[in-house]
Amino acid sequence: MAQHEAIHRKTCIFKGMIKRIKELETIALGLQPDAHERKVARKKVTDYTEEFLKNIDSAKSFIHTPDQGIALLDSPIGESPLAIDKAIDLIRVNVDTPGINPASGGYLGFIPGGGLYYSALGDYMADITNRYAGFFFASPGAVRMENMLIKWMAELAGYPSSHAGNLTSGGSMANLSAIIAAREARQINSKNILKSVIYFTEHAHHCVAKSIRIAGLGECVQRHIPTDTECRMDTEALEKTIALDIAAGLNPWLVIGSAGTTNTGSIDPLEEIGRIAKENNISYHIDAAYGGFFMLCPEGKKKLKGIEASDSLVMDPHKGLFLPYGIGVVIVRKKNDLQKPFSFDANYLQDGNDQDTEAELSPAELSPELTKHFRGMRLWLPLKLHGLKPFRAALEEKLLLAKYFHEKVQSLGFETGPEPELSVVTYRYIPKTKKKLDEKAINAFNEKLVHEIQSDGRVFISSTMIGTQYTLRFACLSFRTHLKTVDLFLRILKEKTKLLEKRII
Ligand SMILES: *Cc1c(COP(=O)(O)O)cnc(C)c1O
């Protein structure tokens with residue numbers, strides 16, 4: 001009897017459970033808009049992005065709003081749905097207005113961004129189909145696509161077929177991966193760390209020092225090798241320093257070169273560093289996050305000669321290939337260098353570890369990531385749909401625009417740094433006053449000039465310190481920057497320097 005009751009009770013509970021599951025299913029179906037709802041939402045989104053693109057040539061490159069998008073917080077994450085028009089309004093006002101507009105051709109600060117349209121469509125497809133690009137087993141095609149792209153970039157750099165690589169979220173993660181790879185290859189550990197020496201210049205990107213710290217290498221000896229007048233590593237000093245370190249019983253193990261510094265676009269003597277690294281049996285990493293893709297045009301290829309001598313290399317497709325933010329690449333000469341730190345074994349992944357991989361490496365064995373965005377698609381689609389020709393043209397155009405600007409800005413009375421090696425020009429204005437201004441006053445003038453240009457907003461520029469001199473930077477890398485953008489900027493410079501000069505005379 002008691003048993004009977006128990007069965008009856010269980011059946012009731014079960015019925016109740018099924019009822020609840022169905023109720024929940026009805027609510028959860030809200031996550032699956034139907035074809036009509038998708039069409040409506042898609043149209044609103046593309047209307048918005050088309051409007052954005054229609055105005056991109058005249059849009060400001062920098063906008064300061066007093067509220068800086070704070071109204072976004074007035075619409076907290078909550079239980080009830082928001083209509084897509086309202087959501088887009090929130091984005092338009094609070095996200096896509098204040099701050100830098102990296103999609104605009106007038107963005108000439110830091111290292112400019114891009115945002116190729118076909119990348120967005122690639123992301124769209126990758127997001128809808130949601131292929132799992134971590135393992136060959138899970139998506140052989142997605143992994144083949146990523147490996148094919150890495151092979152293309154490795155061959156561009158002149159790396160041998162022993163290479164391996166990984167599409168990362170950006171240059172910082174790629175540099176971190178490379179530094180970890182070098183650490184493992186050279187077996188830097190608690191027994192030798194205090195004696196182990198890393199060499200780079202003060203112009204290396206700050207993410208290099210950050211990566212060294214994150215990789216647990218902060219206790220290594222870190223030597224800043226002096227630079228020449230054009231901010232390139234002084235290789236004589238490098239060679240001497242290494243010799244002294246060896247004589248002192250230290251363990252030189254890593255030299256990091258920059259192929260296009262962020263600051264001035266300078267390229268370290270890549271070949272010469274390669275020779276020194278080889279002779280001293282030191283790992284050689286090159287950070288070409290900014291400059292690497294200039295290899296696609298003849299002048300860049302010549303200037304970046306020697307890149308093939310490195311053990312690892314970083315490039316940023318979200319810079320030099322004009323992709324939207326969120327993609328970098330690390331490539332190592334010997335695939336074991338990435339496999340050693342990042343391969344793994346886990347019982348719950350046993351189905352993914354089949355050996356039938358036709359020698360395709362899986363991204364998950366070559367990076368800290370397991371589940372990841374299928375980044376290959378956003379790179380593959382524009383490369384395929386455009387072909388390489390317009391990429392090569394846009395990069396050569398950037399090199400020439402930088403030379404053009406370097407010339408023209410001098411005729412406006414600016415002092416400039418050396419002729420640009422890539423597409424960064426440094427310059428500053430010495431006001432033509434009766435009384436000679438001291439450096440502090442000159443610096444203050446140039447700082448004001450940057451602020452004037454930023455608050456005007458038609459173009460955006462940034463500045464740097466070269467030694468004690470406040471220096472303006474012209475960084476040209478957006479696929480939307482053309483001759484008319486540079487001419488507009490020159491007119492703005494003329495107008496603003498006159499204005500400020502009047503104020504101090
Ligand atoms: C931009 C840049 C980095 C950092 O890359 P992110 O993609 O911003 O993480 C590293 N090195 C150089 C030379 C760069 O220009």
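Could you give the nm distance between label points at LYS484 and SER75, where each point is 7 Å from its Cα heading toward the beta carbon?
The answer from the label model is 3.3 nm.
For helix 140-156, report the angle its Cα long axis makes with the longest principal axis of the Cα atoms of the chain; keep it between 0 and 90° and round to the nearest 10°.
The angle comes out at about 10 degrees.
Ranked from highest to lowest mean number of other Cβ atoms within 10 Å per residue, what is the order of the peptides 452-460, 468-476?
468-476, 452-460
I'd like the distance between the alpha-carbon centres of region 48-83 and region 442-469, rounded to an integer number of Å.
With region 48-83 and region 442-469 each reduced to a Cα centre, they are spaced 27 Å.
Quick one: Cα centre-to-centre distance for region 485-505 and region 1-20, in angstrom?
First find each Cα centre; the distance between them is then 83 Å.
Please report the orientation-averaged projected area of region 32-84, defined via the convex hull of its C-alpha atoms, in nm².
Its Cα hull, projected and averaged over all orientations, spans 5.5 nm².
Classify region 207-249 from the C-alpha gyration tensor, please: rounded if a/c falls under 1.5, else prolate or oblate depending on whether a/b exceeds b/c.
It is oblate, given that a/c is not under 1.5 and a/b is not larger than b/c.
For region 186-228, max minus min Cα coordinate along each principal axis, in Å, sorted largest first?
Principal extents (largest minus smallest coordinate, Cα): 35, 18, 15 Å.
Please work out the Cα center distance from region 191-259 to region 358-390, rounded to the nearest Å.
If we compute the Cα centre of each part, the gap is 32 Å.
Using only Cα atoms, find the angle between the long axis of helix 389-411 and the longest principal axis of the chain, and express it within 0 to 90 degrees, rounded to the nearest 10.
In the chain, helix 389-411 runs at an angle near 40 degrees to the longest axis.
Just to be sure I understand the model, the point goes 7 Å from the Cα along the line to the Cβ. What's the resulting HIS64 to ALA41 distance in nm?
About 3.8 nm separates the two model spin labels.
Please report the net charge: other residues with Cβ closer than 12 Å to the Cβ of ARG92, K and R +1, D and E -1.
Here the count lands on -3.
Please state the Cα pair-distance histogram of region 171-315 with 5 angstrom bins from zero: what percent is in each bin?
Histogram of Cα-Cα distances, whole percents per bin: 2, 11, 22, 25, 22, 13, 5, 2, 0, 0.
Report the local net charge at GLU230: Lys and Arg +1, Asp and Glu -1, summed over other residues whose C-beta lies under 10 Å from its C-beta.
Local net charge: -2.
Mean shadow of region 389-504, computed from the convex hull of its alpha carbons, in nm²?
The Cα convex hull of region 389-504, projected and averaged over all directions, gives 7.1 nm².
Please go through region 153-202 and write out the GluC sites (Glu not before Pro) that DSSP classes as loop and that have at most 16 other C-beta atoms within 10 Å.
Sites meeting the loop and neighbour criteria: GLU202.
Express in nm, to one decimal, how much length is gained between LEU53 and LYS302 on full extension, taking 0.36 nm for each residue of separation and deducting their alpha carbon distance.
86.1 nm
Okay, helix-only estimate at 222 nm for the chain: each DSSP H run of n ≥ 4 adds -39500 (n - 2.57), divide by all residues, round to 500 deg cm²/dmol; what do you get?
For the chain, the value works out to -14000 deg cm²/dmol.
Using the alpha-carbon atoms, what tilt in degrees (0 to 90, nearest 10) does helix 2-28 show relative to the longest principal axis of the chain?
40 degrees
Can you bin the chain into rounded, prolate or oblate? Criterion: square roots of the alpha carbon gyration tensor eigenvalues sorted a ≥ b ≥ c, rounded for a/c under 1.5, prolate for a/b above b/c, oblate for the rest.
oblate
A 18 angstrom limit on the alpha carbon distance is what I want to check against. Which of LYS408/LYS498; LYS403/LYS496; LYS448/LYS496; LYS303/LYS398; LYS319/LYS496; LYS151/LYS334 exceed it?
Check vs 18 Å cut-off fails for LYS403/LYS496; LYS319/LYS496.
By per-residue mean of other Cβ atoms within 10 Å, what is the highest-first order of 49-58, 310-319, 265-274, 90-99?
310-319, 265-274, 90-99, 49-58
No value in this document is a laboratory result; all are computed from the given coordinates. In this text the structure is predicted, and so the values were computed from the model without any measurement. We place every Cβ from the backbone using ideal geometry, glycine too, and count neighbours over all the protein chains shown.
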